[in-house]
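Here the structure comes first, spelled out in structure tokens, and everything after it is commentary.
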Amino acid sequence: MASNTLKPSGDSSCLVGVSEDLIDSAASEDELRYSRALRAGGVVIWEYDLISGAYYHSDNIEEMLGYSSAELSTHSAVLSHTVPEDIAGILAAADACLNGPTREYQVEQRFITRSGKVRSFLARGTVLRDADGRPVKMIGSSVDITEQKLTERRLERQMRYQSALARFSHALMSPYDGLEMRWPILSIALQHLREVAEVGHVHVFRNYHDPELGLTATLVAEACGPGVNSALTAAFARRLPWSFAPEHELRVLEQGEPFGGVVAEVYNDVPVVRDLLMQYAEVRFIQRFPIHIQGQWWGIVGYADSRYREPYDEQEVMLLRTAAEYIGQVIRRWETEDALRASEEQLRYEQASLVRRVNERTAELSTANAQLARALTVRDEFLASMSHELRTPLTVILGFIDALKLESYGQITEAQRTVLGWVEKSGRHLLALINDILDLSRIEAGAMALRWAAVSPVVVCRHSLDMVAPSAREKRLRVTSTFDNGVDILVTDERRLTQILVNLLSNAVKFTSEGGTIGIELVGHADAGLVEISVWDTGIGIHAENFERLFQPFVQVDGSLTREYGGAGLGLALVARLVELLGGSVEVTSTVGQGSRFTVRLPWQLDEQVELLPQASEVDPTRRAHGSRLPSGGRRATVLVVDDVELTLQLLGDYLSHEGWHVVLARTADEAVARAEEMRPDIILMDIQMPEVSGLEAIRRIRASAGIADTYIIALTALVMPGDRDRCLDAGADQYVSKPVGLDVLGEMLAAVLSRKLPSSIS
């Protein structure tokens, strides 16, 4: 077969009803004129050889369908490009012509063009038979009636669309019982669109932003036709990730224009979506119309069909555009109703509950005040109890360490002295932690007493450096100091300033790697009336976002630091509160991996016109001086030690006996009063917290007993909370000493009592 372009058959005897012009060969000019006529009329001439199975078409077939005559050279090739729904009717018409009494047939046939569009033709054909009546050929013509069909559909659809929109809007405006019925009502309304549009599936998606997928849509309403492929329905019954959509689709929808058409064409550049819709869901045609509410793209209304469709005309676009507008208006009304309903419900609720809330708030405030008072009491009781329970064993531990180091139990080796030093260091660290907690409690309770004095800030800085020097040497840190010699006097509390600087320097040592550098700087600003003391290091540094948390109690800015570096997170909290008490401020600057700088600013009173409090070593003039009987004639002085802890009694008894005192022991308050009346001691060391009867009651009884009322009493106790000192002195104690106390300090204190150098408290 040389060519598939249609040429007249050579066997004119078997042609029926064909003009002689088609049988005879025409001149080239006539052929050209003939070809032009076919094109102008939108007519394709075709011939089907029933013997060989070959198909021939006029050469204008390619212009109309995009396929050459060679690509349509067989019957199966022709059918493969025919809309599947039309094939059965075409075969039935051809069969009736071949096997029935008539030689001619007429049928509408739709072709799928190479571009994916659909074109409609009116095909007319006749059967040619041989001398024996057997069919040998079918010849005919196909006239392009696409525009005609579209016009007919427009006229027919115009009335149906108007009726469908009326039913659609009526359904949307139907009353509903409960908010959960809104979307089902929308699904019912969509059924009218599905029927008039003659599609398998109509759906409404609502846009939302998914944290992982970005802009996504979820199905809120749908209408399905009978026999719809379940895969097609499933394809629209889940989330719709817009990330798979072509950029121009999103742009068109956002601008308020419809998007869609034949799937193979509109998603040609997105094969994933194209194959998903066509192969999995069997969707051949899809159309989407944006729903906008107050200028914002809310979602889409659209439909999908497993059949190929002709391009959508203006009427169909207007149908779903109007439907999208109706849906937007109804949803806007629903949202407005929701807002009004919520406002009304909120107003009713607030009106109904106003009195109740006032009463509840009043009750809450009363309860809160009571709870706050109770919480403060519980806190103080807890801290007092924990302080006592921790200080009591620490008193024994540190006391026996002192006794061993003083060789009260015999000589010790240097190795043993070193080990005792380690144990003492750990005990002192625990004691410092307890003291920090108590100091914070005192500050928060407003019970922190300051002792103002004119001190040398340079001396305080150097003394603070001396206190952390051993730890710095262990890590081989370089320690630097810079002092402004013009700052020779600073009015402050020397003990609390030292406490501040030691805390900052200890942190600098702790968070600086071995071989690094720490330093302290003192600068005076006479014009601003300030003294700045800065502690800096080359350590790990602190993130800026953690600065605000630095000065909160029991907080480490990084939980891992607690495991790596230790610490309870109290140091900086105490620093901040002590600096505030001293009338100053503290500031931090830091760079991660390079180090930190903490700057303390304190007021600098250059005129030194400040009333200074007496130092702790001075005698308290408010205390009465009792006429203690001093030992005479070589008699040893007697001390009565009262404590309910056996180890404390043993420790103090052994030490004081070793120091030459005559020691009398008592384990209860009752026993203490009885032994005091019996032995008439020179000094009484009285524990306060004892079972049954407290040491305070024992002191009162002694003061009420004529024979021993003037005995010098030292309250030696683990009670160190705000007010404990005053309670002891008010009960009649001459002196208040907090546990633990060094044995050598205690020995000097007792000697001072005998020589009348009597400070009122040591803590």
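The values are calculated or read from the model by the stated rules, or taken from the named source; none is laboratory data. Computed from a predicted structure; not experimentally measured. Cβ placement follows ideal geometry from the backbone for every residue including glycine, while neighbour counts extend to all protein chains displayed. Ligands, DNA and RNA are excluded from the accessible area calculation, which covers all protein heavy atoms including side chains. Shrake-Rupley method; radii C 1.70, N 1.55, O 1.52, S 1.80 Å.
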(request) Distance between Cα centroids, the stretch 68-122 to the stretch 283-328: provide it in whole Å. (result) 31
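Given the Cα-Cα distance of Gln351 and Glu257 and 0.36 nm per residue of separation, how much length would full extension add, in nm?
Gain on stretching Gln351 to Glu257: 29.1 nm.
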(message) Can you give me the distance in nm between label points at Thr336 and Thr418, each placed 7 Å from the Cα along the Cα-to-Cβ direction?
(response) 9.0
(message) Tell me the per residue accessible area of the stretch 324-367 using a 1.4 Å probe; a whole number in Å² is fine.
(response) 73
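For an R0 of 56 angstrom, estimate the FRET efficiency from the Cβ-Cβ distance between Arg473 and Glu360 and round to the nearest 0.05.
Values: r = 62 Å, r/R0 = 1.11.
According to the calculation, E is roughly 0.35.
Ratio of Rg to Rh for the stretch 89-199, alpha carbon only, Kirkwood?
On the way: Rg = 23.1 Å, Rh = 18.1 Å.
Rounded to two decimals, Rg/Rh equals 1.27.
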(request) Would you please give the FRET efficiency between His658 and Val458, computed as 1/(1 + (r/R0)^6) with r the Cβ-Cβ distance and R0 = 35 Å, to the nearest 0.05? (result) 0.30
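Using a Förster distance of 41 Å, how high is the FRET efficiency between Ser52 and Asp269, based on the Cβ-Cβ distance and rounded to 0.05? Show your work: numbers first, answer last.
Details: r = 41 Å, r/R0 = 1.00.
Efficiency, rounded to the nearest 0.05: 0.50.
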(request) Grab the Cα-Cα distance for Glu580 and Ser481, subtract it from 0.36 nm times how many residues apart they are, and report the gain in nm with one decimal. (result) 33.2 nm
(request) Could you order Val273, Val479 by accessible surface area, starting with the largest, using a probe radius of 1.4 Å? (result) Val479, Val273
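If you rank Ile518, Ile540 by how much accessible surface each has, with a 1.4 Å probe, what is the order from largest down? Walk me through the numbers before you get to the answer.
On the way: Ile518 0, Ile540 50 Å².
So, going from the largest accessible area down, we get Ile540, Ile518.
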(request) Sticking with the crude label model, points 7 Å out along Cα→Cβ, report the distance from Thr113 to Gln148 in nm, one decimal please. (result) 1.8
(request) Under 18 Å from a label point 7 Å along Cα→Cβ of Glu514: give me every residue in the stretch 453-486 with its amide N that close. (result) 470-479
(message) So if each residue of separation counts as 0.36 nm, and I subtract the Cα-Cα distance between Arg549 and Asp527, what length gain in nm does that give?
(response) 4.7 nm
(request) Give the dimensionless ratio obtained when the Cα radius of gyration of the stretch 136-224 is divided by 2.2 N^0.38 Å. (result) 1.67
